[in-house]
Amino acid sequence: MRNRTSLSSELLPGTLEMLILKTLTRGPAHGYAIARHLERVSSNVLRVGESSLYPALQRLLLNDWVQAAWGESELKRRARIYRITPAGRKRLAQEAEGFDRITGAIAAILEAI
Amino acid sequence: MWARLRNKLLFLFRRERFDRELSEEMDFHREMLELEKTSQGVAGEAAAVSARRQLGNTTLAGEHAREVWIIAWLDTLAADLRYAGRTMAANKTFAGLAILSLALGIGANTAIYSFMDSILLRSLPVPDPESLVVLNWHAPYAEHDSVMQSMSGTTYDDPRSGVTAGIFPFPAYELFRKYDSVFSTVFAHFPGWQVRRLNVTINGHADIAAGWNVSGDYFGGLGVPPAAGRLILPDDDRAGAPAVAVVSYGFSQRRFGGPANAAGRSILVDNLPFTVVGVTPPGFFGVDPAAAPDVYLPVHTNELLGAGKQFGFRPEDYLAPNFYWVQVMGRLRPGVSLAHAQAVLAPPFRQWVASTATTDPQRANLPELIVKEGAGGLDTLRRRYSQPLYVLMALVGLILALACANVANLLLARAASRGREIALRLSVGASRPRIVRQLLTESVLLASLGGALGLLFAIWGIRFLTLLLANGRADFTLHAEMNCRVLGVTAALSLLTGVLFGLAPALRATRVDLLPALKETQGGRPARHRFRRVGLSHALVVGQIAVSLLMLVAAGLFVRTLANLQAIELGFNPRDLLLFQVDARKAGHKDPEIAAFYAALRERLSAIPGVRSASLERDSLIQGEHGLPIGLSGSPPNPANRFLTVGPAFFTTMRIPILAGRDFDEGDRPGSPSVAVINEVFAKANFGDRNPLGQHLTLREAGDESRLARDMEIVGVSRNARYGALTRAIPPVVYIPYDQGYPRPDEMVFALRTLGDPLRYVDSVREIVREADARLPVSEVRTQAADIDQTINQEITFAELCSGFAILALVIAGVGLYGTVSYNVARRTAEIGIRMALGAQRSRVVRMVLSEVLVLVAGGLAIGLAAALGTSRFVASLLYGMTANDPLTLALALMTLLGTALAAGYAPARKASRIDPMTALRQE
């Protein structure tokens, strides 16, 4: 019953978290803004639904990689604003490096054939 | 990692806030999405639908988000516990019975094992108890001539293994003291016959205290520090040393108002001046866990206490090689083993003891030294209680087994009835481990609750057992502490039961084929399947019945033993008889005035309104037994003969019928012709059919039979009355006046025949004795009935405990049977309905169910009977008046159990007969 419009389930595990962290390096944002940003930057390739976004956010919160606080959205609505922590930045660096290695490896295999 | 764990734990307390925030956040998300769609031109309702479609399953998303935070096993556990709690609340009877029977089993076991432990394992409260040793000896023959010609103390006789004792002649003690290569200290200690009951006067107030003789290095050897003053030193224990005493901490509190007030005080001990030099530390009770001395006196004070007394200690006793009276303990030097000490000491002792033998039989029966470990002090308690405790342990072990069987059975029955529920849950996707875990949680919860309640029962049980064993004795020193190891073991056992019997049905239940189980109706289960499950629960019921029968037989044996003991014909009337002890000699009275003092006291006691008659005797009839060289004039004394010095109106007071001649009266007094009354046994043994009246008896002095003490004329023959231990044959007894010469009166027991409750007269008695002499304490006030009960205390305790256990076992087994039969009936409702629809009578249905009960019961009884026949010999030594396989007891136990089983089976059988065929069939 997963949201079929989302590609997140087809991403490598942990990738969505990495992308969220990367998004948050631009500045604090609420969940909707994060989802919109990912869609926009990926030219609508990555469509992130609630069913994958919020569990991912919870995993980040659980590890203290992001912090959440209630604040106001651009439209003056009460919204939960996420902010990356120093531990989150460190994690992002690790993940990005790991991701580079894996995609590099995948690319190498694809080219080898 | 730590951040995750901390955050997860914090989540446990923030669950609701989390849910609220998450849903608010997702609502926000959706609204933003709708807003966006609207701005893209999608109209109202369509925008919302489109947004929702894009979002997907929000509930699942919430679930997934929450799952991130959850400590999975803890959460399932909490859910399982909640569910188990609900199921238990829904089956209160089931849960209550299971928990209660487990708790009783655990509680009883913990209590009994705690006693066992404190008796067998507790060390003396002194430094380095492991290096202490107790010296004993063992001789091969009990009923045999021995180098032990006279003794004061305890020997343990066994017709098979011989005699064991811890008393030695003083010269042997001095011999041991020479071996300082083995011992760092050797010390003597014993409850000397002169100090067991001391008259201690403090500030003019006299009371009885328990004394103990100790040698000068006793306290030093034990390594005990004083609580006040100083303890007894080697220099205090020599002839001519100033008379000193050390008192126990408790005594200093009771009689001096604290240890600081006791040290240095002058007191009178048996009317002789002593100085209290110090107080033992709190918690110190000497070296015999069965005793708690109030006063410790140096061994050599026996010379002071014995001076001028007819049976007093004489200094030549120190040299006597055939007089056994000194208990010896020692502390081994570091590195010296028990075996080494034994090897070093045994040969010189053998050599010495051989030199004390004067006849060949004595030489053939020489004592052999045994060096025993002494960390726990003397083994008096162990000898007295270990066998009964082993029996009790076995019984409570069986109770626990019964309880576990019950829990198992109840769990089995329940698992069976929940087959459909489990199949349903499996079919909607619950995983097998998940369901097994759920069922296990229930049984473990059950066991845990039983264990917790069991702890409570254990605490009560220990208090109750202490009361029961002490039987009103204030000086009872056996205090068991709750033993955590035991509690742990029993709790673990109950847990294991829960797991085992929770797991077995759980595993089987989850292995069910879903389709047949779901289709299953109440009557139509595949036969083979049913047979196995029912087989296990039937086996448990059979086992329970067998165990219950065993316990019923045990209870029956002990109750009948007690009944037999209580039915022993005493030959005197124990009711409405008040007894108490006084020792005028210890209060300073001397011959010949002491006899007159007792005579006057007897007269004043007789005059108390409501006292029908009063007399006095050397000892109470059942607790005491005295022998002196006594026999027919002109013949040598017969050692089998017993005597008892008594006062006027003795036979009237005790209600012992005089068959010929007369009772003693006031005319039998100092100076009047010496007289005696004999019992039937004595008359028959010595005179046959001749008339004993007018014949003469001769009493000689103990230790010197050439000295004629009394020549007495027989003036009466009395009906046989018990004298000495209740269960022994009545000996030939000569009753003689207490005031007609040797043996002169010391301590006497006064006996008052009263109107109504004897204890009503205690205040008047104390008042009269105080008026007669304030220095004279009244001790051991009791009724004659209580005096006898004290000698059969163990049998009384046993009968009470075992009856309790047996009732418990009956109840538990009854519940088990009831549960099983009820379950079977419920399962067969449809079948019974069909039978009834086909015309079976109600009575036939009842008979059918009951006959199935009977099959189970018969199986259990057969096994139980075999077990009882096989094991009852282990308690044979605790029985009286019947064989271990007493047929009446067995028959009664069988009948009782059969009755209980039928009663337990009748209720479900009746219920079965009330089944309405139409309702039953409609359920199909």
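Results for (1) surrounded by fewer than 16 Cβ atoms within 10 Å (Cβ to Cβ); (2) touching a residue at least 12 places away in the same chain (Cβ under 8 Å); (3) assigned to a helix (DSSP H, G or I), shown as yes or no for each residue.
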| position | (1), (2), (3) |
| --- | --- |
| A:W70 | yes, no, no |
| A:R80 | no, yes, no |
| A:A96 | yes, yes, yes |
| A:D100 | yes, no, yes |
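Residues are listed down the side, and each one gets a yes or a no for (1) part of a helix (DSSP H, G or I); (2) more than 24 Å from B:L708 (Cβ to Cβ); (3) outside the structural domain of B:V734 (by TED's automatic domain parsing):
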residue	(1), (2), (3)
B:I594	yes, no, no
B:R604	yes, yes, no
B:I608	no, yes, no
B:L616	no, yes, no
B:Q623	no, yes, no
B:G631	no, no, no
B:P637	no, no, no
B:A640	no, no, no
B:F643	no, no, no
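How many residues are open to solvent by 40 Å² or more (accessible area, probe 1.4 Å) and either in a loop (DSSP other than H, G, I, E, B) or touching a helix residue (DSSP H, G or I) at 6+ places or on another chain (Cβ under 9 Å) (or both) if we restrict to region B:250-268?
7
Hey, can you tell me all the residues within region B:555-592 that are part of a helix (DSSP H, G or I), crowded, with 17+ Cβ neighbours inside 10 Å, touching a Phe, Trp or Tyr at 6+ places or on another chain (Cβ under 8 Å) and not aromatic (F, W, Y)?
B:A555, B:T561, B:L562, B:L565
Open to solvent by less than 60 Å² (accessible area, probe 1.4 Å), under 34 Å from the mean Cα position of the chain (by Cα) and farther than 30 Å from B:S181 by Cα: is that true of B:Y390 in this structure?
Judged against the criteria, B:Y390 is not a match.
Every residue, every condition in (1) more than 13 Å from the chain's Cα centre (by Cα); (2) open to solvent by 90 Å² or more (accessible area, probe 1.4 Å); (3) more than 11 Å from chain B (Cβ to nearest Cβ), yes or no:
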site	(1), (2), (3)
A:I20	no, no, yes
A:Y32	no, no, no
A:A56	no, no, no
A:L61	no, no, no
A:I84	no, no, yes
A:K90	yes, yes, yes
A:I106	yes, no, yes
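In a helix (DSSP H, G or I) and open to solvent by 60 Å² or more (accessible area, probe 1.4 Å), is that true of B:Y823?
No: the conditions fail for B:Y823.
Out of B:N91, B:N7, which single residue is facing another protein chain (nearest Cβ under 7 Å) and not aromatic (F, W, Y)?
One residue alone meets the criteria, B:N7.
If you go through region B:269-319 one residue at a time, how many are open to solvent by 60 Å² or more (accessible area, probe 1.4 Å) and not in a loop (DSSP other than H, G, I, E, B)?
So the count comes out to 4.
Select from region B:648-698 the residues that are among the polar types (S, T, N, Q) and assigned to a helix (DSSP H, G or I) and write down the one among them that is nearest to B:A751 (Cα to Cα).
B:T653
Looking only at residues in region B:121-164 that are modelled with pLDDT of 90 or more and among the polar types (S, T, N, Q), which one is nearest to the chain's Cα centre (by Cα)?
Here the answer is B:T164.
Go through the residues of region B:41-48 one by one and say whether even a single one is assigned to a loop (DSSP other than H, G, I, E, B), surrounded by 15 or more Cβ atoms within 10 Å (Cβ to Cβ) and either free of Cβ contacts under 8 Å to residues at least 12 places away in the same chain or more than 9 Å from chain A (Cβ to nearest Cβ) (or both).
Yes, that holds for at least one residue.
Does region B:169-220 hold any residues that are among the polar types (S, T, N, Q), outside any strand (DSSP E or B) and either at pLDDT 95 or above or farther than 23 Å from B:P321 by Cα (or both), and which are they?
B:S181, B:N203, B:S215
Answer with yes or no whether B:A884 is closer than 26 Å to B:L536 by Cβ, touching a Leu at 6+ places or on another chain (Cβ under 9 Å), open to solvent by less than 40 Å² (accessible area, probe 1.4 Å) and not basic (K, R).
no
Out of B:D75, B:D27, which single residue is more than 9 Å from every other protein chain (Cβ to nearest Cβ) and surrounded by fewer than 14 Cβ atoms within 10 Å (Cβ to Cβ)?
One residue alone meets the criteria, B:D27.
Check B:V344, B:V353, B:V328 and return the single one that is assigned to a strand (DSSP E or B) and either at positive phi or out of contact with any His (no Cβ under 7 Å at 6 or more places or on another chain) (or both).
One residue alone meets the criteria, B:V328.
Take the residues in region B:661-685 that are in contact with a helix residue (DSSP H, G or I) (Cβ under 7 Å, 6 or more places away or on another chain) and touching a residue at least 60 places away in the same chain (Cβ under 8 Å); name whichever of them is surrounded by the most Cβ atoms within 10 Å (Cβ to Cβ).
Residue satisfying both the conditions and the ranking: B:F664.
Of all the residues that make up region B:324-341, how many are in contact (Cβ under 8 Å) with a residue 12 or more places away in the chain and either surrounded by fewer than 21 Cβ atoms within 10 Å (Cβ to Cβ) or closer than 11 Å to B:V133 by Cα (or both)?
11
Do we have A:A79 as of a type in the set (A, V, I, L, M), within 11 Å of chain B (Cβ to nearest Cβ) and touching a Ser or Thr at 6+ places or on another chain (Cβ under 6 Å) here?
Answer is yes for this residue.
Under 28 Å from B:A108 (Cα atoms), in the same structural domain as B:G85 (by TED's automatic domain parsing) and crowded, with 18+ Cβ neighbours inside 10 Å - does that describe any residue in region B:413-429?
Yes, region B:413-429 contains a residue that is under 28 Å from B:A108 (Cα atoms), in the same structural domain as B:G85 (by TED's automatic domain parsing) and crowded, with 18+ Cβ neighbours inside 10 Å.
Being in contact with a Gly (Cβ under 6 Å, 6 or more places away or on another chain), crowded, with 17+ Cβ neighbours inside 10 Å and not aromatic (F, W, Y) narrows it down to one residue among B:V853, B:V811, B:V845; which is it?
The match here is B:V853.
The values are calculated or read from the model by the stated rules, or taken from the named source; none is laboratory data. A quick note: this is a predicted structure, and the numbers were derived from the prediction, not measured. Glycine gets a Cβ as well: all are built from the backbone with ideal geometry, and neighbour counts include every protein chain shown. Calculation scope for accessible area: heavy atoms of the full protein, side chains included, ligands and nucleic acids excluded. Shrake-Rupley method; radii C 1.70, N 1.55, O 1.52, S 1.80 Å.
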